[in-house]
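Participant: The structure follows.
The values are calculated or read from the model by the stated rules, or taken from the named source; none is laboratory data. From a predicted model like this one, the values you see are computed outputs, not experimental measurements. Ideal geometry is used to build each Cβ from the backbone, glycine not excepted, and the neighbour counts take in all protein chains shown. These area figures cover heavy atoms from the full protein model, side chains too; ligands, DNA and RNA do not enter into them. Shrake-Rupley method; radii C 1.70, N 1.55, O 1.52, S 1.80 Å.
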Amino acid sequence: MQSAVGIDGGASTIKVVCVHADQSIDVVAVVPVGSRPLETARDALRMLRERLPDARVRIGITGTAGRTLCEVLGLQPVDESTALAAALGLLHPETRSVVEMGMESQRFLTLTPDEVSGRLRIDEVGMGHKCAAGSGSFLEHMRKRLNYATIEEFATVAEQTEQPATLSGRCGVFTESDIVHLYQKGTPRERIAAGIHQAICRNYRCAMMKGREAVAKVAFVGGVSLNPAVTKYLRQELGLTDGNLFVPPHARTMGAIGAALRAEAELDLDAAIRLLDERLALPVDYPVAPRLVLERTEILRPAEEYPIGLKVPLAALGVDIGSVSTKAALITQVDGKYQVLASHYRRTDGDPLAAVRDTLAIIRRQVEERGYQIGRVVAATTGSGRYLTGDYLGAELVKNEITAQANGALAFTPEVESVFEIGGQDSKYIALKDGVITDFEMNKACAAGTGAFLEKQAANLGIPLEEFGDRALAGQHPPELDWQCTVFSESAVHHYRQNNVPVEDLCAGICLASVRNYLSKNVGNRPIGKVVGFQGAVAFNRGMVAAYETMLGRRIVVPPYPHLTGAIGAAKIAYEEAPAKATFRGFDAVLEARYTIDSFECKGCANRCDVNTFQMEGGEKFYYNDRCEKFSGRQKRRVAADLPDLFAERENLLLSIYPGKAPEGAPRIGIPRVGTFNDHYPFYQAFFTELGFEVVPSDATNTQIVRDGVRTVAAEPCFPVKVAHGHVIDILRKKTDYIFLPAVMRAEWLEEEFCESQSCPYIQGLPEVIGAALRLEEPQYAGKVLTPRLFFNRGRRHLRRELGRLVRQISGGTDPHRNGNGHPARLASPSARQIDRALDVAMETLAQFRRRLSERGREVLAALPADALAFVVLGRPYTLHDAAANMHIGKKIQDLGILAIPQDMLPLAEAGTADTWNLIYARQIQNRLAAARLIRQDPRLRAVVLTYFGCGPDSFANQFLRDELNEPAYVMQIDEHTADAGVITRIEAFADTVRAG
Ligand code: SF4
Ligand code: SF4
């Protein structure tokens, strides 16, 4: 083999190596890409040329940026996986799996040696979806967010911390919101740092490996492999002892080495450099978006400072612990207008209480310097850290961000009708009529256009964030970017950068794409009022302001302190309410107080919550993050004390309505809590117990079950299907004799006029989907997994036939699976009469369960006063009646003093919705529409709708629901990453909206 050059053009660095005839390796360059990748590539080629006596080389080029280079040079790129396999085949032929984590990319390979050539052959490839989580850029971003000086320090701390905080890790946005909420609840920074590293390894396993095993030896390559904490958690996550997962010496340049080994092209370096020079001088052609316009927008300025020594009988302090920043404002009213007396904005830097203390010290200093003489100060907190901060300050009020932001807008623009608020990593839309919130939306998943996103874009473009807006305004030909997803627009920006589109145009394109993304995801088809307030720190970015004006063609009002509107709004509410009972500790007391924050893992159940504590010296201890409120519940004001817990009642009834018990030593049938379990369990329980089996349900959903499910799924189904996998694993762990996993094809008719009564295709196919992921076809499960196909709408005869057959199949004769295992003998085959009897009992038990539910519903509604308010929770049985999956939504509603009613306590069958919706074939959607009609007809009721990321049927059904409901509802999208704090904020805001309306 003669010498060959390999180039790996990644998102952050270009690596150039020479592999010589004797297989020695020369690393020529590892250069950062910067903001001009093509230029960097040309410079790297120049460096190479200087090292070589001859301009002609044999070359292989790989990597994402490498592809653009190949396009320009007219070469065929080397596939990245092939390059890795070639390099490892040469340097580490014992490798059987490859984990690659680069700055923006991830990959998983399994390899086998070819019998003939002995080369490593690629068996399977797992490629990164476009999500950046798990990549180096995400870690870098997180390092900054947590304020570590270097990535090395960040990694070392994470490696040395024993107890990582639990984070989600599906995608950057979600991990980031978890982080924010954790540290605002007082979780120590080093535990979060460790949690981030652990989460990306977990994310890697789920997203990349999708249930595949990493067979030893496993090579960990790519830039991130140099991070010792990622290596540590990857080993743990993959269950590999040290020697089985190794980081090879050329981990970072492995792709380039492989490209050299697979090099087939001949290239004249001098000609290539000339070609690149020419290309760099050429303009690029691309679809152009409109230029930014900033003509009608009104940017309000703060009022002049007030006279020194102003006497202020009442001032209100608002503190907003946002995702990245801590904000505070001290306000009062002068001549009926709100005035800001003192304010401060700073980064939270991973320590919310220190940030609040520092902020208050600055506010106090401003007050002293300006000589205000203040009578009384009332305080309110808002933002995701509002509860912890509220306890710290002894604030009179704790308010959700929606209500606070709306009030922040109203403080300066009373006529505002729409509020767009864009903060560090979330965004909100609020609709107002005559100063009352009528509707709102918080961004659910997408970070496009948020402060964190723009910060990242500025860093990618290599410009200071402060210049971003003005550079955008200077853009002449902004490219039309994909606005659906931040990650896609990022790759487009990356592409344009490589093609030398001016940074100004890219900034403008990013602003426009962000605004379109915001309008599509937050506003949708809701109306936009004549007066639009744009606030949040992003409103300082004039490029973003102009992008709104350009897209909407109307006047936008930016308030005088756009970054403080949450704090100002909270203060305004406190000022207006000024509760008689003063609780604010006062500036001096807060600044002098000593406190401790701590955390511990509760081992009370499988959730293993990371419970955080906060205690003022000599004061009460406060608890956060305990899912069941085992600790924090003691302090919570129980506004809900006199409300019945209908969710708990239902759960109790479901599990206990059938009183029978199996005889000692009976064969055990495990029933996972999946599909229609929460609708049909009494039926199954009665049927099998009557026939002499012991029925064992899986445990209630807990963190372990969710985690097991998420890591096992083969594809990317909806959240309930992921959890269903975890429940079956739980049953497998219980080692029952049988697993009952029916495919419920049809439920009972809601009304006869409906055309169908179908279950979702996932529910119909659950046995196959879960069976494939858990390999239930393997010999050890033969005869144990019972998967009848049930059509409840066909009635008794059908159920008799299917279940009778099934029971006979597991009774009588001898069972090879039990022999010698110490299991009880099989039951004698039941007679036809026994089966009939068991079925009668089962059907009667189910009927009784449903009767009791509707009787209880009637009773509750009859007792509900005409002016009372109740929220009916709508959803599918697997999450509606699963408190852990629905984030204890019933309890959260009742904590607001509002009765929460599960939808099936309403008389759904009497709603008569078949008149309009008879062609809806899905029974669960029929249920929801029926509930919606009953809610619409009863002024005391409002809807809280549970829906799921990745749910196909809901994507169209929710529109029908909106039509039927015809009034605002709170729609809560759930998945394994749904954060508690976000749910509380939304439900509080919804309650405020309904109460004010
Ligand atoms: S849910 Fe409650 S009991 Fe279970 S671990 Fe969390 S705090 Fe402890
Ligand atoms: S209806 Fe939606 S949430 Fe339910 S199983 Fe089907 S896809 Fe999943």
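Participant: How many residues, within segment 482-500, are modelled with pLDDT of 80 or more and buried (at least 21 other Cβ atoms within 10 Å of the Cβ)?
Facilitator: From segment 482-500, those modelled with pLDDT of 80 or more are 496; that's our starting set.
From what's left, buried (at least 21 other Cβ atoms within 10 Å of the Cβ): none.
Matching residues across segment 482-500 total 0.
Participant: Also, quick follow-up: Considering only residues that are more than 16 Å from ligand 2 (Cβ to nearest atom) and either over 18 Å from LEU880 (Cα atoms) or open to solvent by 10 Å² or more (accessible area, probe 1.4 Å) (or both), which ones fall in segment 923-963?
Facilitator: ARG933, LEU934, ARG936, GLN937, ASP938, PRO939, ARG940, ARG942, ARG962, ASP963
Participant: Now for a separate question. Within the group LEU292, LEU275, which residue is on the phi < 0 side of the Ramachandran plot, touching a residue at least 40 places away in the same chain (Cβ under 8 Å), open to solvent by 40 Å² or more (accessible area, probe 1.4 Å) and not assigned by TED's automatic domain parsing to the domain that holds LEU341?
Facilitator: Values: LEU292 fails: open to solvent by 40 Å² or more (accessible area, probe 1.4 Å).
Only one candidate qualifies: LEU275.
Table: residues versus (1) on the phi < 0 side of the Ramachandran plot; (2) modelled with pLDDT of 95 or more; (3) small (Gly, Ala, Ser).
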position	(1), (2), (3)
ASP626	yes, no, no
PHE631	yes, no, no
LEU646	yes, yes, no
GLU651	yes, yes, no
SER656	yes, yes, yes
GLU664	yes, no, no
PRO672	yes, yes, no
VAL696	yes, yes, no
THR703	yes, no, no
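Participant: Do any helices (runs of 4 or more DSSP H) lying entirely in segment 899-997 carry at least 1 residues that are in contact (Cβ under 8 Å) with a residue 12 or more places away in the chain and more than 29 Å from TYR387 (Cβ to Cβ), and which ones are they?
Facilitator: Working: elements: 914-917, 923-937, 952-965, 980-996.
Filter on segment 899-997 gives 914-917, 923-937, 952-965.
Participant: Determine whether ILE729 is buried (at least 19 other Cβ atoms within 10 Å of the Cβ), within 30 Å of THR166 (Cα to Cα) and within 16 Å of ligand 1 (Cβ to nearest atom).
Facilitator: no
Participant: Now, a different point. Out of ARG711, ARG673, I need the residue that is open to solvent by 20 Å² or more (accessible area, probe 1.4 Å), of a type outside the set (Ser, Thr, Tyr) and away from ligand 2 (no atom under 16 Å from the Cβ). Which one? Spell out how you get there, then give the answer.
Facilitator: Working: ARG673 fails: away from ligand 2 (no atom under 16 Å from the Cβ).
It is ARG711.
Participant: Here's something else I'd like to know. Could you list, in sequence order, the residues of segment 207-240 that are in contact with a helix residue (DSSP H, G or I) (Cβ under 8 Å, 6 or more places away or on another chain), open to solvent by 30 Å² or more (accessible area, probe 1.4 Å) and in contact (Cβ under 8 Å) with a residue 40 or more places away in the chain?
Facilitator: Scanning segment 207-240 gives GLY211, ALA216, LYS217, GLY223, PRO228, LYS232.
Participant: A follow-up question, please. So which residues in segment 738-749 are within 16 Å of ligand 2 (Cβ to nearest atom) and either in contact with an Asp or Glu (Cβ under 8 Å, 6 or more places away or on another chain) or closer than 19 Å to ARG794 by Cβ (or both), if there are any at all?
Facilitator: Within segment 738-749, the first condition is being within 16 Å of ligand 2 (Cβ to nearest atom), and the residues that meet it are 741-747.
Hits for segment 738-749 are PRO742, ALA743, VAL744, MET745, ARG746, ALA747.
Participant: Among the candidates GLY543, GLY566, GLY533, which residue alone is of a type outside the set (Lys, Arg), away from ligand 1 (no atom under 16 Å from the Cβ), part of a strand (DSSP E or B) and crowded, with 24+ Cβ neighbours inside 10 Å?
Facilitator: Values: GLY543 fails: part of a strand (DSSP E or B); GLY566 fails: part of a strand (DSSP E or B).
Only one candidate passes the filter, namely GLY533.
Participant: Still on this structure, I have one more. Could you list, in sequence order, the residues of segment 52-76 that are without any contact (Cβ under 8 Å) to a residue 24 or more places away in the chain and under 22 Å from GLN23 (Cα atoms)?
Facilitator: Start the filter on segment 52-76 by keeping residues that are without any contact (Cβ under 8 Å) to a residue 24 or more places away in the chain, which leaves 53-54, 70-71, 74.
Passing the criteria: PRO53, ASP54.
Participant: Going residue by residue through segment 626-642, is there one that turns out to be within 16 Å of ligand 2 (Cβ to nearest atom) and in contact with an Asp or Glu (Cβ under 9 Å, 6 or more places away or on another chain)? So that I can check it myself, show each step before the final result.
Facilitator: Step one: list which residues in segment 626-642 are within 16 Å of ligand 2 (Cβ to nearest atom), which gives none.
For segment 626-642, residues within 16 Å of ligand 2 (Cβ to nearest atom) and in contact with an Asp or Glu (Cβ under 9 Å, 6 or more places away or on another chain): absent.
Participant: Quick check on segment 885-898: of everything there that is among the small types (Gly, Ala, Ser) and either part of a helix (DSSP H, G or I) or within 16 Å of ligand 2 (Cβ to nearest atom) (or both), which residue is modelled with the lowest pLDDT? Reasoning before the result, please.
Facilitator: Step one: filter segment 885-898 for residues among the small types (Gly, Ala, Ser), giving 885, 890, 897.
Checking which are either part of a helix (DSSP H, G or I) or within 16 Å of ligand 2 (Cβ to nearest atom) (or both) leaves us with 885, 890.
On the way: ALA885: 88, GLY890: 94.
For segment 885-898, the residue satisfying everything is ALA885.
Participant: Being open to solvent by 10 Å² or more (accessible area, probe 1.4 Å) and either more than 18 Å from the chain's Cα centre (by Cα) or within 11 Å of ligand 2 (Cβ to nearest atom) (or both) is the filter here, so list the residues in segment 974-988 that pass it. Break it down into steps so the answer makes sense when it comes.
Facilitator: Start the filter on segment 974-988 by keeping residues that are open to solvent by 10 Å² or more (accessible area, probe 1.4 Å), which leaves 976-982, 984, 986, 988.
Once the filter is applied, which keeps residues that are open to solvent by 10 Å² or more (accessible area, probe 1.4 Å) and either more than 18 Å from the chain's Cα centre (by Cα) or within 11 Å of ligand 2 (Cβ to nearest atom) (or both), segment 974-988 yields only GLU988.
Participant: Considering each residue of segment 599-637, count those that are assigned to a strand (DSSP E or B), surrounded by fewer than 16 Cβ atoms within 10 Å (Cβ to Cβ) and either without any contact (Cβ under 8 Å) to a residue 40 or more places away in the chain or near ligand 1 (Cβ under 7 Å from one of its atoms) (or both), and give that number. Outline the logic, then answer.
Facilitator: As a first pass, look at segment 599-637 and keep what is assigned to a strand (DSSP E or B): 599-601, 610-616, 621-624.
Within this subset, residues satisfying the condition of being surrounded by fewer than 16 Cβ atoms within 10 Å (Cβ to Cβ) are 600-601, 621.
Those left that are additionally either without any contact (Cβ under 8 Å) to a residue 40 or more places away in the chain or near ligand 1 (Cβ under 7 Å from one of its atoms) (or both): 600, 621.
Residues meeting the conditions: 2.
Participant: Going residue by residue through segment 25-37, is there one that turns out to be more than 42 Å from the chain's Cα centre (by Cα) and part of a loop (DSSP other than H, G, I, E, B)? Even if it seems obvious, please write down each step before you answer.
Facilitator: Kept after step one, since they are more than 42 Å from the chain's Cα centre (by Cα), are these residues of segment 25-37: 25-26.
Applying the additional criterion that residues be part of a loop (DSSP other than H, G, I, E, B) yields none.
The answer is no, given that none of the residues of segment 25-37 is more than 42 Å from the chain's Cα centre (by Cα) and part of a loop (DSSP other than H, G, I, E, B).
Participant: Okay, next question. Give segment 729-753 a look and list any residue that's part of a strand (DSSP E or B) and small (Gly, Ala, Ser), or say none. Walk me through how you get there before you give the answer.
Facilitator: The first filter runs over segment 729-753 and keeps only residues part of a strand (DSSP E or B), leaving 738-740, 743-746.
Listed by number, the list holds a single entry, ALA743.
Participant: Take the residues in segment 415-426 that are closer than 16 Å to GLY569 by Cβ and modelled with pLDDT under 85; name whichever of them is most open to solvent (accessible area, probe 1.4 Å).
Facilitator: ASP426
Participant: Restrict the check to segment 848-861 and report whether at least one residue is of a type in the set (A, V, I, L, M, F, W, C), open to solvent by less than 10 Å² (accessible area, probe 1.4 Å), within 16 Å of ligand 1 (Cβ to nearest atom) and at negative phi.
Facilitator: No - not one qualifying residue is present in segment 848-861.
Participant: Now for a separate question. Is there a residue being farther than 29 Å from ARG212 by Cα, within 16 Å of ligand 2 (Cβ to nearest atom) and surrounded by 13 or more Cβ atoms within 10 Å (Cβ to Cβ) anywhere in segment 766-788? Full working, then the answer.
Facilitator: Applying the first criterion (farther than 29 Å from ARG212 by Cα) to segment 766-788 yields none.
Checking segment 766-788: not a single residue is farther than 29 Å from ARG212 by Cα, within 16 Å of ligand 2 (Cβ to nearest atom) and surrounded by 13 or more Cβ atoms within 10 Å (Cβ to Cβ).
Participant: Say we look at segment 379-400 and pick out the residues that are open to solvent by less than 10 Å² (accessible area, probe 1.4 Å) and within 19 Å of GLN615 (Cα to Cα); which of these is modelled with the lowest pLDDT? Quick ask: steps written out before the conclusion?
Facilitator: First pass over segment 379-400, keeping only residues open to solvent by less than 10 Å² (accessible area, probe 1.4 Å): 379-383, 385-386, 388-390, 392-393, 400.
Next, from what is left, pick out any that are within 19 Å of GLN615 (Cα to Cα): 381, 385-386, 388-390, 392-393.
Numbers: THR381: 96, GLY385: 83, ARG386: 90, LEU388: 88, THR389: 91, GLY390: 93, TYR392: 92, LEU393: 94.
Per the criteria, the residue is GLY385.
Participant: Suppose we filter segment 964-973 for residues that are farther than 30 Å from TYR624 by Cα and either open to solvent by less than 30 Å² (accessible area, probe 1.4 Å) or within 16 Å of ligand 1 (Cβ to nearest atom) (or both); how many remain?
Facilitator: Kept after step one, since they are farther than 30 Å from TYR624 by Cα, are these residues of segment 964-973: 964-968.
Imposing the further condition that a residue be either open to solvent by less than 30 Å² (accessible area, probe 1.4 Å) or within 16 Å of ligand 1 (Cβ to nearest atom) (or both) reduces the set to 964-965.
Going through segment 964-973 one residue at a time, the tally reaches 2.
Participant: Looking at segment 46-162, what helices (runs of 4 or more DSSP H) fall wholly within it and have at least 2 residues that are loosely packed, with under 14 Cβ neighbours inside 10 Å, within 34 Å of the chain's Cα centre (by Cα) and modelled with pLDDT of 90 or more?
Facilitator: Working: elements: 64-73, 80-91, 136-145, 151-160.
Answer list for segment 46-162: 151-160.
Participant: Pick from segment 164-181 the residues that are at pLDDT below 65 and in a loop (DSSP other than H, G, I, E, B): which of them is least open to solvent (accessible area, probe 1.4 Å)? Working first, answer last.
Facilitator: Filtering segment 164-181 down to residues at pLDDT below 65 leaves 168-177.
Remaining after also requiring in a loop (DSSP other than H, G, I, E, B): 168-171.
Details: SER168: 23, GLY169: 2, ARG170: 56, CYS171: 27 Å².
If we take residues in segment 164-181 being at pLDDT below 65 and in a loop (DSSP other than H, G, I, E, B), then GLY169 is least open to solvent (accessible area, probe 1.4 Å).
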